[in-house]
Amino acid sequence: MVLTDVGAGLTWNLVDDVRQLFQFGFMVNALEAGTVVAVMAAVIGWFMVVRRQSFAGHTIAVVGFPGAAGATLVGVSALYGYFAFCVAAAVLISAVPHSRGKAFSQENAVTGTVQTFLLALGFLFVSLYRGNLNGINSLLFGNFLGITRGQVLTLLLVALGALGVLGVISRPLLFASIDPDVAAARGVPVRGMSLLFLVLLGLAAAEASQITGALLVFALLVMPAATAQRLTPRPLLGGAIAVALGLAVTWIGLAVAYFSPYPIGFWVTTLAFGAYVAAALFTRSTTGTGRAVGVRA
Amino acid sequence: MGSRSDDVLRLTGAAVRVGGRTLWAGVDLSVGVGEFVAVLGPNGVGKSTLVKVVLGLLPVSAGTVTVFDDRPGQHNQRIGYLPQRRSFEPSLRVRGIDIVRLGISGDRFGIPLPITRRARQRRRVEEERISEVIDLVDASALVDRPIGELSGGEQQRILIAQALVRRPSLLLLDEPLDSLDLPNQSAVAALVSTICRQAEVSVVMVAHDVNPILSYLDRVVYIAEGGVAAGTPHEVITSETLSRLYRTPIEVLTTTDGRLVVVGHPEAPAHHADRHRGAGHGPH
């Protein structure tokens, strides 16, 4: 009943349903954009979780909302608003005084205050725009409709650039994240790594906002990475698992959102949350027995 | 490069000012190849600052410092460094072996996948070295577990392996025994001494309690508010010298097997009782 309401016909024939997904240009664009974003967010998210900078990631994403709303207001693509505001927020955050080479590892009342103000500012921009009342929902909670070829290309180029930089700095960044004092003594530019990573995080948060909205970026930025870290402590394997999970939740989320009347942000987040809970239950049961064996040995 | 000498590290009349206050002055110290030297003194007198000076992270305000016959900071790749009080958060999901590996390639930029044949060969040599140091600190059963799940003593062994992985000529250990229980303190002290003798690595260890390492030391530097004293343990660790430095009565006793024990140490009030408990199975 619900399905006929939205006009999309779920046939329960897998081949037909998948063919249906690729039938429309907007859906192909959404799948391509989702793929790019899922890979980038999972890899950068893995480092964010190791660095314990989830709060910084969240702040950056929230700051993206007034950026996107303001861009829409002045008639530019919301994507550019996300990029501009998220990267600016990342640079500002890295200027906040911090300890141990890790910018912004703890909560801070000033940030909370500024963050709330920026949310309100975004709300104002959306009200001023008046055009599409639905706009605020898609900016905050995600929307896969209306992604253009040009935007897919932009997302791809930014992701390739960011992942290339991350690959080159991966070992010094990991060193500086885990052990800043020793890394500094070994000549790793710890503060430079911190700034560079926050900019990459800003780019990833901006890209993820395009799919999940500013408030649900953690579905792609934190959840796959946190799930992967519960499953394995190996860095390369962990990154690969995070990417696989990010892709799975994005693809399935897009497909389900296409056939159901409920929003993409909800589906992607719910799937990612389900994966995290499953991994938590699984690792709890296995480490439980592991400890028991360790005690006996 | 100045004139060559056997000394790995030499301080002559060195002084340090931090925030307009002179922390210590008149420090004369030389550390030879394969020597085990302790920097002792109460908390807050600038023992870690001395380590930073040796690494070239802080300048001296007077006197000279040479490290491998050069200015400090010029040869840090030959120094293995363990900073103070590093325990990893329990939730950190990175394996011990990855921590050791960072010691060898953590400062290297570039995609971390060996693509060329030369890179694969280098990776093989490095992996061999990594398993060598892991065996040396007897941590092969630990390195596949997340570092945050290990005990303080186990983490310390992994960190020592990390500091050793590039075959340093000088190890700087800042309070490595801090926050370890007594059996672990003796075990880590014995391990460091073995490394020092076998691999001819010079060791400078910062400590505020001398007893666990006393029997291994070639030389000590005492920094206290009352001044600085340096020399062999038998020259420096005397009731008169320590009482003068700490400005409080301190007794140095000699046990029947010839070891020195410092009693009345202002920094370790609970240690006296612990010592008796641990005396039966201490290292001999």
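Here the label points at residue A:114 and residue A:23, each 7 Å from Cα along the C-beta direction, are separated by 4.9 nm in the simple model. With a 10 Å cut-off around each Cβ of B:70-81, the average count of Cβ atoms from other chains is 1. Simple spin-label estimate for residue A:168 and residue B:108 gives 1.8 nm between the two label positions (7 Å along the Cα-to-Cβ direction from each Cα).
Which whole-number percent of Cα pairs in the stretch B:1-144 have a distance greater than 28 Å? Here the long-distance tail beyond 28 Å is 39 percent of all Cα pairs in the stretch B:1-144. Taking a ≥ b ≥ c as the square roots of the eigenvalues of the Cα gyration tensor of the stretch A:3-287, is the shape rounded (a/c under 1.5), prolate (a/b larger than b/c) or oblate? Oblate is the answer for the stretch A:3-287, as a/c is 1.5 or above yet b/c matches or exceeds a/b.
The charge dipole of the stretch A:3-287, taken about the Cα centre with unit charges on the Cβ atoms of Lys, Arg (+1) and Asp, Glu (-1), comes to about 680 debye, rounded to the nearest 20.
Averaged over residues, the count of other Cβ atoms within 10 Å places the peptides A:29-41, A:184-196, B:139-151 in the sequence A:29-41, A:184-196, B:139-151, highest first.
Label separation (residue B:70 vs residue B:17): 2.9 nm, computed from points 7 Å beyond Cα along the C-beta direction. A Förster radius of 25 Å, combined with the Cβ-Cβ distance separating residue A:284 from residue B:89, puts the computed FRET efficiency at roughly 0.85.
Farthest toward the positive end of the dipole of the protein assembly as shown, out of B:74, A:198, B:212, is the Cα of A:198, where the dipole comes from beta carbon charges about the Cα centre. The slack between residue A:237 and residue A:127, meaning 0.36 nm per residue of separation minus the straight C-alpha distance, is 35.1 nm. Measuring r between the beta carbons of residue A:248 and residue B:62 and using R0 = 51 Å, the FRET efficiency lands at 0.20.
Quick one: Cα centre-to-centre distance for the stretch B:125-156 and the stretch A:200-240, in angstrom? Taking the Cα centre of each part, the stretch B:125-156 and the stretch A:200-240 sit 29 Å apart. Quick one: pull the percentage of alpha-carbon pairs in the protein assembly as shown with a separation above 37 Å. Of all Cα-Cα pairs in the protein assembly as shown, 45 percent lie more than 37 Å apart.
Amide H to amide H, with H built 1.01 Å from N, residue B:61 comes under 5 Å of B:15, B:16, B:17, counting only residues 5 or more places away or on other chains. Principal semi-axes of the equivalent ellipsoid, √(5λ) from the alpha carbon gyration tensor of the stretch B:133-211, are 18, 17, 10 Å from largest down. Scanning chain A for long hydrophobic helices, with DSSP H runs required to stretch 18 angstrom or more by C-alpha along their axis and to average at least 1.0 on the Kyte-Doolittle scale, returns A:25-51, A:54-73, A:78-95, A:109-129, A:149-178, A:190-212, A:235-259.
No lab work stands behind these numbers, since they all come straight from the coordinates. None of these values were measured; they are calculated from a predicted model. Heads up, the Cβs are rebuilt from the backbone with ideal geometry, glycines too, and the neighbour counts pull from every protein chain shown.
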